[in-house]
Protein chains: 2
Amino acid sequence: MLNPDPALPDPAPIFAALGDRTRLALLSKLGDGQARSIAALSTDTALTRQAITKHLHVLQDAGLVASLRVGRESRFAARREALNEARAYLDGVSRQWDDTLGRLKAFVEDAD
Amino acid sequence: MLNPDPALPDPAPIFAALGDRTRLALLSKLGDGQARSIAALSTDTALTRQAITKHLHVLQDAGLVASLRVGRESRFAARREALNEARAYLDGVSRQWDDTLGRLKAFVEDAD
DNA sequence: CATGACGGCAACCTCCTGGTTGCCTATTGA
DNA sequence: TCAATAGGCAACCAGGAGGTTGCCGTCATG
């Protein structure tokens, strides 16, 4: 059972998108619900605008952000769905581990 | 605020480790609390033993599994701590987003 | 004690990732 | 209308990730 709930899509791409400090920082900036332009998201970072753009597209492909063209700006905002999907997956795994926690002690005991 | 709780270590490496289907499958196999040898974890997969070994080391570096040498075997078992760390981070982000959900709706309604 | 199972190590390959630079288009607004 | 701002596109690069093969050491046991 790779996925606790087969109805949900593969969570690996979401985790992969979350597995980068720069992208976590971007998500954090967007955490206040405001949609921001690429230029706005590129300030306060040592990276170039293009690097930020690439990261935003990774987040978008994973469903973690959505983009909207407004005039000459591309505004990005956080999406809850993908985050909830990741949370649901981890909760499912955690629950699975909880259910069999008793057997975990066998790990140490099986050593001999 | 990149990390909701600065006392916690950087969650990015954990998410990066989770961002691969093969590794999620390995974690899932270990979800019953049983410690398994590399050979045991290498059955039922098209990959070679060495590929599985590499994935297990990635999981171990992220703290998601622990290894124990038993005779000629290396047994791996799931660790709860790193998983809880990832869950705590996502919960923190989710809570942050909840607090400002009202402002999000304008964007979402336009984008969807 | 010899043989097979377990697995570590290292080299190698390919493709992806994170980042850069350069350039071009489109929108804005004085 | 024209300069400045926002950003898309493409080439390029270095390094890392995922995977393989080959070989060698170690432990268990018939």
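The values are calculated or read from the model by the stated rules, or taken from the named source; none is laboratory data. All figures in this text were calculated on a predicted structure; none of them were measured in a lab. Here the Cβ is made from the backbone with ideal geometry for all residues, glycine too, and neighbour counts use every protein chain on show. Note: accessible area is taken over every heavy atom of the protein model, side chains too, but ligands, DNA and RNA are not part of it. Shrake-Rupley method; radii C 1.70, N 1.55, O 1.52, S 1.80 Å.
In sequence order, region B:49-57 has phi-based couplings of 4, 5, 4, 4, 4, 4, 4, 5, 5 Hz under the Karplus curve 6.51 cos²θ - 1.76 cosθ + 1.60, θ = phi - 60°, and Gly or Pro positions carry x. Projecting label points 7 angstrom from Cα along Cα→Cβ for A:Thr45 and B:Asp98 puts them 2.8 nm apart.
Shielding of peptide A:26-37 by partners, expressed as the average count of other chain Cβ atoms within 10 Å per residue Cβ, is 5. Shortest first, in nm, what separates the label point of B:Ala88 from those of the same position in the other copies (7 Å along Cα→Cβ)? Copy-to-copy label distances at B:Ala88, shortest first: 2.6 nm. Based on the convex hull around the alpha carbon atoms, region A:12-100 presents an average projected area of 6.2 nm². Chain A and chain B together bury an accessible surface of about 4400 square angstrom, both sides counted, with a 1.4 Å probe and no ligands or nucleic acids included.
Copy-to-copy label distances for A:Arg72, where each label lies 7 Å from Cα along Cα-to-Cβ, are 7.0 nm in order of increasing length. Taking Lys and Arg as +1 and Asp and Glu as -1, the other residues whose beta-carbon sits under 14 Å from that of A:Leu26 total +4. For A:Lys54, the distances from its label point to the matching points in the remaining copies are 2.1 nm, ordered from shortest, with each point set 7 Å beyond Cα toward Cβ.
For A:Lys29, what accessible surface area do you get with a 1.4 Å probe? Give it in Å², rounded to 10. About 70 Å², rounded to the nearest 10.
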